[in-house]
Amino acid sequence: MGVYEDLVARGLVAQTTNEDNVRELVNNGDAVFYIGYDATADSLHVGHYLQLSTTARLQRAGNKPIVLIGGGTTLIGDPSGRNDMRKLMTRDDINHNADCFRAQMKKFIDFGEGGATMVDNADWLLDLNFLDFMRSVGVHFSVNRMLTAENYKNRLEKGLSFFEMSYMLMQSYDFVVLNQQNGCNMQCGGDDQWSNIIWGADLVRRMNGKQAEGMTFSLLTTSEGVKMGKTQKGAVWLDPEKTSPYEFYQYWRNIDDADVIKCLKMLTFLPVEQIQSEFEGLEGQELNRAKEALAFELTSTVHSTEEAEKAKEVSQSVFSVSGVHSEMPTKELSADLFAEDRIEVLELLTATGIAPSKSEARRLVEQGGIVIDDLKVEGIDATVGKEQFKDGFVVVKKGKKNVYKVELV
């Protein structure tokens, strides 16, 4: 099986400009392809990981990746998938975020001698002359046709600035520059980038007279079509300081049954045949084996095997027996909140952030979803006494998936 067929079997390929050409390029190891990352945060997240792992698959098959950091395009902000205009960022913020991206990407992609290349489009976009750019690039873009693109069409009712419309021209010009300077012959990205990618390939043909291809990857969504990688705390980050290895492990350990096989295929490096034979037919409680494999494989790749082992141990000690582990997420509770050495359960839940509001805390208790030191909280009037913090903490379980060590401070 060639690498293209493997990508298809994993459900990773969404669209291609010319499937036969793309298949031949990647299977022969002749693709010099780029994927762009706008530096909008100081860490990559789970959505980026799909791109990084797919880049690694293509690189291992002999293809050469170009990782483009959008130091220039981030100043505008991609309108794709947005209902409003992105917050404008400063150059200092963008440069800091780009440095964070570079450090993280080196864990997944080989940038050694003869390996991947990393570039920053600020190097050629920031010094552009507007009139020269519009005369050489803008003449190739039809506004009428641009407005039929999904990333623009969805914004027309709420308003779309010319500033944002220029993003497509900038990204397309990136492809032209990389084709000229690096021999880049293919652009890849998430399927929400399809319009930008086909315009870029077209611009390469018009300006450079070269054949150029594009391939988009399926977006990482749940079976209900919702983007994965979000929790109550926000995005699932690859930076262990923002999402701990334990929290990262737990996110994948607790995904919906309907999504586990898809994630094993799209995100792990386990052979498709192994996934099909060992996990695809599992149902009910047996699916937990697949979830554990998914969580372990991803935590090992993103963090380390050691961190994956620790997260697995914590998860098993917490959920199989009444255990406490040093890696368990910890919440602090101020002793000043106690009145006569007692605190209401609803206040404990909100003060520690276990529940975001009193109404949510009430709902959790009323539905039997709160357990403190193995005792289910039976009513919203329940209280917790200081004497229960025997070693300075209690263990609070919220539902089946979340366990916290609440320390008295």
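With respect to being more than 19 Å from Met118 (Cα to Cα) and buried (at least 24 other Cβ atoms within 10 Å of the Cβ), Asn179 falls outside the description. Answer yes or no: is there a residue in segment 100-114 that is at pLDDT below 90, assigned by TED's automatic domain parsing to the domain that holds Asp202 and surrounded by 19 or more Cβ atoms within 10 Å (Cβ to Cβ). Scanning segment 100-114 turns up at least one residue that is at pLDDT below 90, assigned by TED's automatic domain parsing to the domain that holds Asp202 and surrounded by 19 or more Cβ atoms within 10 Å (Cβ to Cβ).
Here Thr330 fulfils each of the conditions (1) out of contact with any Asp or Glu (no Cβ under 9 Å at 6 or more places or on another chain); (2) under 23 Å from Glu247 (Cα atoms) apart from (1). Filtering segment 199-225 to residues that are more than 19 Å from Val13 (Cβ to Cβ), of a type in the set (D, E, K, R) and either at pLDDT 95 or above or in the same structural domain as Tyr167 (by TED's automatic domain parsing) (or both) leaves Asp202, Arg205, Arg206, Lys210. Within segment 115-131, being surrounded by 13 or more Cβ atoms within 10 Å (Cβ to Cβ), outside any helix (DSSP H, G or I) and in contact with a strand residue (DSSP E or B) (Cβ under 9 Å, 6 or more places away or on another chain) holds for Ala116, Thr117, Met118, Val119, Asp120, Asn121. With respect to the numbered conditions (1) over 26 Å from Gln15 (Cβ atoms); (2) exposed (fewer than 14 other Cβ atoms within 10 Å of the Cβ), which one is the sole condition not fulfilled by Pro240? With (1) over 26 Å from Gln15 (Cβ atoms); (2) exposed (fewer than 14 other Cβ atoms within 10 Å of the Cβ) applied to Pro240, the lone miss is (2). Every condition in (1) closer than 29 Å to Thr16 by Cβ; (2) crowded, with 16+ Cβ neighbours inside 10 Å; (3) in contact with a strand residue (DSSP E or B) (Cβ under 9 Å, 6 or more places away or on another chain) is met by Lys227 except one, and the failing one is (2). Pairs are defined by a Cβ separation below 7 Å, a sequence spacing of at least 6 or placement on different chains, a first member in segment 173-186 that is of a type in the set (Lys, Arg), and a second member that is at pLDDT 95 or above; no pair meets this definition.
From the list Ala39, Ala61, Ala56, Ala9, the one residue that fits, being more than 23 Å from Asp110 (Cβ to Cβ) and either out of contact with any Leu (no Cβ under 8 Å at 6 or more places or on another chain) or modelled with pLDDT of 95 or more (or both), is Ala9. Find the residue count for segment 1-51, including only residues that are within 15 Å of the chain's Cα centre (by Cα) and polar (S, T, N, Q). The number of residues fulfilling the criteria is 3. Please verify whether Phe248 is assigned to a loop (DSSP other than H, G, I, E, B) and among the aromatic types (Phe, Trp, Tyr), treating the condition exactly as stated. It is false that Phe248 is assigned to a loop (DSSP other than H, G, I, E, B) and among the aromatic types (Phe, Trp, Tyr). Listed by first and then second residue, the pairs with beta-carbon distance under 8 Å, at least 6 apart or on different chains, first residue in segment 263-290 and touching a residue at least 24 places away in the same chain (Cβ under 8 Å), second assigned to a loop (DSSP other than H, G, I, E, B) and of a type in the set (Lys, Arg), are Lys265/Arg10; Met266/Arg10; Val272/Arg10. The sole residue among Lys390, Lys386, Lys376, Lys358 that is under 32 Å from the mean Cα position of the chain (by Cα), of a type outside the set (Phe, Trp, Tyr), surrounded by fewer than 16 Cβ atoms within 10 Å (Cβ to Cβ) and more than 23 Å from Tyr251 (Cα to Cα) is Lys358. How many of the residues in segment 23-70 are free of Cβ contacts under 8 Å to residues at least 40 places away in the same chain and in a strand (DSSP E or B)? So the answer is 0. Tallying residues that are part of a helix (DSSP H, G or I) and either farther than 23 Å from Lys227 by Cβ or within 16 Å of the chain's Cα centre (by Cα) (or both) within segment 266-286 yields 11.
The values are calculated or read from the model by the stated rules, or taken from the named source; none is laboratory data. These numbers come from a predicted model, not from an experiment. Every residue, glycine among them, receives a Cβ derived from its backbone with ideal geometry; neighbour counts consider all protein chains shown.
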